[in-house]
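The values are calculated or read from the model by the stated rules, or taken from the named source; none is laboratory data. Because the structure is predicted, anything quoted here is derived from the model rather than measured. Cβ placement follows ideal geometry from the backbone for every residue including glycine, while neighbour counts extend to all protein chains displayed. Note: accessible area is taken over every heavy atom of the protein model, side chains too, but ligands, DNA and RNA are not part of it. Shrake-Rupley method; radii C 1.70, N 1.55, O 1.52, S 1.80 Å.
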Amino acid sequence: MLALQLPGPYSPSLSAQTKQINSLKQQRQQIEKGIKKKQGELQQTRHAAGKKQQTVDFMEVQLNERLAFIHRLEGEIDSLDKHIDTLTAEVARLDSQLQARRQRYTRSLRLSRPSTSLRSPLLFALTANSFSQAMRRARYAREYAAGERAAGLRVMEQQDYLRSLKNKLLRAKQQRSGTVQEIIWQRKQLTTDHAVAAAGVAKLKRQARDIEKNVAEQTKKLNALNKKIDELVAIEVEKARRRAEAEARRRREAEERRRREQTAAQNTKKPATQSAKPSKPSEKWLTAEDKKLNGSLVQNKGRLPVPITGPYRLYRRFGLNRIAPGVTLDNKGVHYIGQSGARARSIWDGEVSTIFEMAGSKHVLVRHGSYISVYSGLSSVIVHKGQKISARDIIGTVATDDEGRQILQFQLRHETSKLNPEQWIGR
């Protein structure tokens, strides 16, 4: 708040308002501390919720992948079932065919046993009536023996093939059983993991909502206090202006009386100041130097030097800033983030009006006529109250916050009106 040096003691109402402002400031400090603490908790909760959400997202992806894998396994089971059915039918067919061949082979052997001559191909050939018959008998005996051997080999081969087919069928059934067990385990495991992760995220989201609600309530109180303080400051500025105008009017009246006494004998005209139109309310309390500063400041609008030294970036802009879902803060100025060792500097020629400490940091107000620049968040100040300073003069060092950042909070006001510094500061 701008502290104007005025003649005469403060009135009782002004003193009461000052006490009320100090009380409100203390309440605001407590609320700001609470908001800062809640914001820290909110950031931690959101960070944890973000990690949990990433886990859930990963689990969702994993679940989808495993479900796709389960579907492939189920498709494989269907294929195995069809393959098992085919193998079972083939085994039954081959088994029936093998039984028939065994019966034919057994019957063939049984029918050949009564003929003693067939037991010896040589005897069967020698008992022929002629040479040609002997040759035919010898050829028949060879073909008969070869047919019996071939039939026996076919029976043995079919037995071996049937045995391998049954083994293959057994392995297919075992594979199907293992696949079914894998599907059951996969579904159970993923369902459990997903339920645990989702429950954790839901809990953290509830906590975040509670914290956001608390921050919103605290911010609402802070905004109400700021509004009340602004109103009280406006009242004090108006009273200070009126007292200054009354003092200036007394000085003008005294000067006019002195002039009238000096010029009464000569019948001169009244001073022009008596017939002059009254000045605008906003200019009554300004001196010639103040008006000069106002003019030069306005002429350089958009070209004023940045109030922080070294490289910087904008952190929070003028007006409403969204700090969380459903939570906004009304920023009265602009926040600059600088590098380590950054210092605050004056944006224009002026006079240091007020230096005070609040919330663990120092704040400096510089008056440029009816314009006031505010430099907040300083760890040290090298100027003093009432000191005349020029544009780019160093005011103090920017403090380091809990996160290791150098943040300068800068405001620009025209009397009690809040201006957007970005429209006045150059790049």
_Sequence gap at least 6, Cα distance under 8 Å: using those rules, report the relative contact order of segment 331-427 to the nearest whole percent._
36
*Along segment 386-403, what does the Karplus equation 6.51 cos²θ - 1.76 cosθ + 1.60 (θ = phi - 60°) give for ³J(HN,Hα), rounded to whole Hz, x for Gly and Pro?*
x, 6, 7, 10, 10, 4, 6, 5, 6, 9, x, 9, 6, 6, 9, 7, 5, 9
_Please list 3J(HN,Hα) in residue order for segment 409-426, calculated via the Karplus relation 6.51 cos²θ - 1.76 cosθ + 1.60 where θ = phi - 60°; whole Hz, with x for glycine and proline._
9, 10, 10, 9, 10, 10, 6, 9, 7, 8, 9, 7, x, 5, 7, 10, 8, x
_Residues of type aspartates and glutamates that Lys213 reaches as a straight line, Cα spacing below 13 Å, ignoring anything fewer than 8 places off in the same chain_ = Glu41
*asked:* Rounded to the nearest percent, how much of the accessible area of segment 341-393 (1.4 Å probe, protein heavy atoms only) is carbon and sulfur?
replied: 46
*So how exposed is Leu67, as accessible area in Å² (1.4 Å probe, rounded to 10)?*
50
_Going by amide H atoms built from the backbone, whose H comes under 5 Å of the H on Trp424, apart from near neighbours?_
Gly302
_Mean Cβ neighbour count within 10 Å, used as a protection proxy, ranking 32-38, 345-351 highest first_ = 345-351, 32-38
*Of Lys166/Lys188; Lys38/Lys301; Lys203/Lys332; Lys291/Lys418, which pairs sit farther than 30 Å apart, going by alpha carbon to alpha carbon?*
Lys166/Lys188; Lys38/Lys301; Lys203/Lys332
*At a probe radius of 1.4 Å, what is the per-residue accessible area of Phe69, in Å² to the nearest 10?*
70
*Show which aspartates and glutamates lie in cross-link reach of Lys37 when reach means a straight Cα distance below 20 angstrom and same-chain residues fewer than eight apart are skipped.*
Asp210, Glu212, Glu217, Asp330, Asp401, Asp402, Glu403
*Taking a probe of 1.4 Å, how large is the accessible area per residue of segment 286-341, in Å²?*
55
*Amide H of Tyr315: which non-local residues (sequence gap of 5 or more, or other chain) have their own amide H closer than 5 Å, using H built in the peptide plane?*
His335, Tyr336, Ile337
